[in-house]
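A short reminder: the numbers here are calculations on the coordinates, not readings from a lab. Model, not experiment: these values are computed from the prediction. Don't worry about glycine lacking a Cβ; one is built from the backbone with ideal geometry, like all the others, and counts go over all protein chains shown.
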Amino acid sequence: AKVKNMIANMITKLLKEENEESTQKGFCDKEVGTNKITRTKLQEDIDDLTAKNEEHQAKITDITKTVADLTQELSDLRSSMAEATSLRAEEKAKNEQTMADSQAAQTAVAQALTVLKEFYAKAGEATALLQQQPESPEIFDSPYKGMQAENGGVVGMLEVIESDFARLEADTKAAEAAAQKEYDTFMTDSKVDKEAKTTDIEHKTAKKQDESQALVVKKSDLEGTQKELDAALAYFDKLKPSCVDAGVSYEDRVARREEEIKSLQDALRILNGEDLA
């Protein structure tokens, strides 16, 4: 009777263990499954956030380089405009001086021509008048007629000089107008380019700020998600001893327990005088 009682108790204990282990198995299956889903989802979120952070960082780097290039181009453009303005002022002053000198020279040459032409015209008239008067005592061998032979050469040379100065004035005036037009065109184009670059820098700077703010938010999200994943991993490590690394599989444990229960039940029936066949 004592042996039969011990066997019955063993059977009861094994059935209780089987029930408890079944409950534990359900708990483990649920918790491990849920934990795996959580870890997978969090890891996917981390991968996505990491990729977005890298994308934001790449955009920030690209915008930073673009803004730096535009800033340098803007600085070079300002230098070119300042240099062009300085050179234009120098060139204009030089051209105006050349035109003023040419005008003064033309005036002087014109006055000289007037004087010479009047002189030689009067000298010629005086000579003709003297030749018409009665003979008078000759003081000189011939009347003074002026340097009539050289007159044409001097007057002609002065006229050529006057023409050269006039042409110099005209050429300088035309060159000044062309240079001024080229300068005005350059400055207009440069101002348009300057405004475009300035606007572009402002827009890209604002875009960089947006990307930086987005990066801060994504980094914060990444840190929070990483903490959640770390917690899920820690819980999984806690589940491992009883749910994952139990040694013998649950199925083997159930099979061996059922085999043991059957053997104990057979032994109890034998002790009770029952026929196993």
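Reachable lysines from K194, Cα under 29 Å, same-chain residues fewer than 8 places away excluded? Cross-link targets: K59, K65, K92, K181, K204, K207, K208.
As a quick test, which of the pairs K16/K238; K41/K240; K36/K218; K197/K219; K218/K240 have an alpha carbon distance above 28 angstrom in this structure? Please report the intermediate quantities before stating the final value.
Values: K16/K238 25 Å; K41/K240 20 Å; K36/K218 24 Å; K197/K219 32 Å; K218/K240 32 Å.
As for pairs spanning more than 28 Å Cα to Cα, those are K197/K219; K218/K240.
Here the spin labels are modelled as points 7 Å beyond Cα on the Cα-Cβ line, and at E55 and N19 they lie 5.6 nm apart.
Suppose the chain between K41 and S163 were pulled fully straight at 0.36 nm per residue; how much longer would it get relative to their current alpha carbon spacing? Write down the numbers at each step before the final one.
Values: separation 122, 0.36 × 122 = 43.92 nm, distance 9.41 nm.
Stretched fully, the K41-S163 segment lengthens by 34.5 nm.
Would you please give the FRET efficiency between A100 and A123, computed as 1/(1 + (r/R0)^6) with r the Cβ-Cβ distance and R0 = 51 Å, to the nearest 0.05? The pair A100/A123 has a calculated efficiency of 0.90.
A straight Cα-to-Cα reach below 16 Å connects K13 with the lysines K4, K262, residues fewer than 8 places away in its own chain not being considered. A crude spin-label estimate for the pair M187 and L113, with each label 7 Å from Cα along the Cβ direction, gives 3.7 nm.
Nearest 0.05, what FRET efficiency do A68 and S220 give at R0 = 22 Å with Cβ-Cβ as r? Can you show the working numbers first?
Details: r = 28 Å, r/R0 = 1.27.
Given R0 = 22 Å and the Cβ-Cβ separation, E is 0.20.
Using R0 = 22 Å, the C-beta based FRET efficiency linking A178 and R78 works out to 0.35. Computed with the Debye formula from one identical point scatterer per Cα of the stretch 155-223, without solvent, the log10 of I(q)/I(0) at q = 0.12 Å⁻¹ comes to -0.63. In this rough spin-label picture, where each label sits 7 Å from Cα along the Cβ direction, the H203-E228 distance is 3.7 nm.
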